[in-house]
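Single-structure report; data block below.
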């Protein structure tokens with residue numbers, strides 16, 4: 001019973017903002033594996049509150065996102081061990097795809113980073129066809145840095161404006177633009193899909 005009490009106290013302290021920075025970093029990294037947008041919003045809000053430094057927040061969120069991207073590559077590599085996939089896709093097809101992806105790697109990685117739904121296909125395909133790992137890592141690191149850094153800057157700029165205009169608390173104001181973006185993109189896609197199926 002004492003262990004459960006201690007765990008409960010630890011969670012209460014974490015929720016009250018008394019968690020150690022390494023715990024916050026760990027949670028941010030794990031959150032990126034589930035919901036990147038939520039992790040970015042949380043990272044910006046926590047840095048705004050001073051619970052974690054801006055550089056550590058950006059490193060935790062960016063590092064978590066990059067780990068997830070490398071995990072997709074590893075998933076593709078693992079899929080090469082599935083006999084049915086080996087018979088069907090490994091050979092001339094995979095050689096052609098590897099050459100094309102390797103030639104177009106910068107644009108493929110950068111586009112997959114910003115277009116929702118494209119990352120899973122692109123990154124697992126890179127692993128499956130054997131795109132060289134080092135260039136893949138380099139381009140993923142660059143794409144994640146640009147994307148995450150850009151969203152942090154956008155969030156802070158828009159959040160400052162929201163805070164001034166509406167008197168919102170700074171942590172809420174800086175997280176709000178990312179959360180709105182996270183909800184708006186799938187919503188717009190769903191509306192467009194529904195509109196296209198109902199229009200003759």
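Conditions tested, residue by residue: (1) in contact (Cβ under 8 Å) with a residue 40 or more places away in the chain; (2) in contact with a strand residue (DSSP E or B) (Cβ under 7 Å, 6 or more places away or on another chain); (3) farther than 24 Å from residue 109 by Cα.
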| residue | (1), (2), (3) |
| --- | --- |
| 28 | no, no, no |
| 32 | no, no, no |
| 36 | no, no, no |
| 39 | no, no, no |
| 43 | yes, no, no |
| 46 | yes, no, yes |
| 60 | no, no, no |
| 64 | no, no, no |
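Can you tell me which residue in the range 120-142 is surrounded by the fewest Cβ atoms within 10 Å (Cβ to Cβ), limited to those that are within 16 Å of the chain's Cα centre (by Cα) and in contact (Cβ under 8 Å) with a residue 40 or more places away in the chain? Among those that are within 16 Å of the chain's Cα centre (by Cα) and in contact (Cβ under 8 Å) with a residue 40 or more places away in the chain, it is 120.
Do we have any residue at all in the range 153-165 that's assigned to a helix (DSSP H, G or I) and farther than 24 Å from residue 41 by Cβ? No: zero hits.
When the range 91-119 is filtered for residues that are farther than 29 Å from residue 36 by Cα and surrounded by 15 or more Cβ atoms within 10 Å (Cβ to Cβ), only 94 remains.
Let's see how each residue does on (1) modelled with pLDDT of 95 or more; (2) within 30 Å of residue 89 (Cβ to Cβ); (3) in a helix (DSSP H, G or I):
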residue: 127; (1), (2), (3): yes, yes, yes
residue: 131; (1), (2), (3): yes, yes, no
residue: 136; (1), (2), (3): yes, yes, yes
residue: 178; (1), (2), (3): no, no, yes
residue: 182; (1), (2), (3): no, no, yes
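Residues in the range 190-200 that are in a helix (DSSP H, G or I) and modelled with pLDDT under 85: 196, 197, 198.
The values are calculated or read from the model by the stated rules, or taken from the named source; none is laboratory data. Keep in mind it's a predicted model, so treat the numbers as computed, not measured. Cβ coordinates were reconstructed from backbone atoms using ideal geometry, including for glycine residues, and neighbour counts include every protein chain displayed.
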